Structure formats: C-alpha cells, structure tokens
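Presented below is the structure to which this report refers.
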Amino acid sequence: MQSSTIRKPTIIAPGEGNQFSILGSQFTTKATGEETNQAWTIYEITDTEENGPPLHTHPWEEAFYILEGELDIQVGTETILASPGFFVNIPHNAPHAFKIRSATAKFLVLISPKGAKNFYEEMGQVADSSSLNMEKVQPVLNKYGLQFLV
C-alpha cells in the first residue's frame, strides 16, 4: 500500500513572493518546484516599454500569460502582439524573444522543469540592473544552456 503526503496549498497575496530584478524586469516568485510537487515555477513579471531579451533558446519549457499591457512575442519566425488574456507556450529549445510594446506590462511566466528557476535566481544576482555585463552573465548562460541567437 502506497502512502501519500498531502501538501499544503500555496496562497500568495498580491505583492507577496520573493522579489528580484533581471535587467530592469521586476520578478515576483509565486510558486516553485518545492510547492508544485517538483513540476514547475511561476513568476509574475512587471516590465517597461522596449525591454525584453533578444532571440534565444534554452532547454526548459516556458509559457507566458499576459495580464496587463502588450508584448511582441516571437517564436521561431512568427511574431504576435500579445495583449491581456493571451497565452503562449514555448517548447524547450525553440528560438524565441519578447519585447514590451506598451508603457508597462505585467505577465505570468511558467517554467518547467522546476530546476530552471535556478537560472533566473542566478541571473538576478549578476544582472540586477538595466545594464548588461556579459562578463558576469555569460557563465550563468553557459551553466544553464541558454544561447543568444543574434
């Protein structure tokens, strides 16, 4: 007979959660693998116009759900203007990028597997301002298999 452990639900109020910044984007952690049976991590991200990463790939799944504002989201050669209510799932290793098109935007990003959160947390330590120092960032990109394609 198998025994199972019943986990407690995760309830995070608005404004709560671990907060950090990556290149001007404000991240708030809402749940991690520790709370999701090791399945996924979800962030609420607030960002400003013209911010966003260049075309890149990484070995984890990533999904976007837009809450406020507008983003251009590119997956492969297709770009869509995503507004509130849009959901975009990006398979692992698929080339993608996004850029904020409104003055501000707020969106959820879900990543899986749960270990991918370590990339974001480490980037928050080496890229916590709006200027990019590739000497600090490149070792983190290499460690987690993220590649810029431009």
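The values are calculated or read from the model by the stated rules, or taken from the named source; none is laboratory data. For clarity, every value in this text was computed on a predicted model and none was experimentally measured. Cβ sites come from the backbone with ideal geometry, for glycine too, and all protein chains shown count toward neighbours. SASA here: full protein model, heavy atoms, side chains in, ligands and nucleic acids out. Shrake-Rupley method; radii C 1.70, N 1.55, O 1.52, S 1.80 Å.
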Exercise. Enter the angle in degrees (range 0 to 90, nearest 10) between the Cα long axis of helix 134-144 and the first principal axis of the Cα atoms of the chain, meaning the one along which they spread out most.
Key: 40
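Grab the DSSP H runs of the chain that are 4 residues or longer, score each as -39,500 (n - 2.57), total them, divide by all residues and round the 222 nm result to the nearest 500 deg cm²/dmol.
Calculated at 222 nm, the ellipticity per residue is -4000 deg cm²/dmol.
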Practice problem: Rounded to whole Hz and in sequence order, give me ³J(HN,Hα) for segment 13-28 from the Karplus expression 6.51 cos²θ - 1.76 cosθ + 1.60, θ = phi - 60°, writing x for Gly and Pro. | Solution: 6, x, x, 9, x, 5, 10, 7, 10, 10, 6, x, 7, 9, 9, 10
Quiz item: What is the chain's relative contact order, in percent, from Cα pairs under 8 angstrom and six or more apart in sequence?
Solution: 28
Practice problem: Evaluate the relative contact order of segment 1-81 (contact order divided by residue number), counting alpha-carbon pairs under 8 angstrom at least 6 apart; express in whole percent. | Solution: 17
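Once the other residues with Cβ under 15 Å from the Cβ of M123 are scored (Lys, Arg +1; Asp, Glu -1), what is the net sum?
Values: positive: K117, K136, K143; negative: D47, E62, E121, E122, D128, E135.
Result for the neighbourhood of M123: -3.
Ignoring ligands, DNA and RNA, what accessible area per residue does the chain give at 1.4 Å, in Å²? Before the final figure, lay out the partial values.
Numbers: 8580 Å² over 150 residues.
Result: 57 Å² of accessible area for each residue.
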Quiz item: In degrees, nearest 10, range 0 to 90: what is the angle between the Cα axis of helix 117-126 and the longest Cα principal axis of the chain?
Solution: 50
Exercise. Over the chain, with every protein chain in place, what whole percent of the accessible area is carbon and sulfur at 1.4 Å, could you tell me?
Key: 53
Quiz item: Which percent of Cα-Cα pairs in segment 1-132 sits in each 10 Å bin, short to long?
Solution: 12, 42, 35, 8, 3, 0
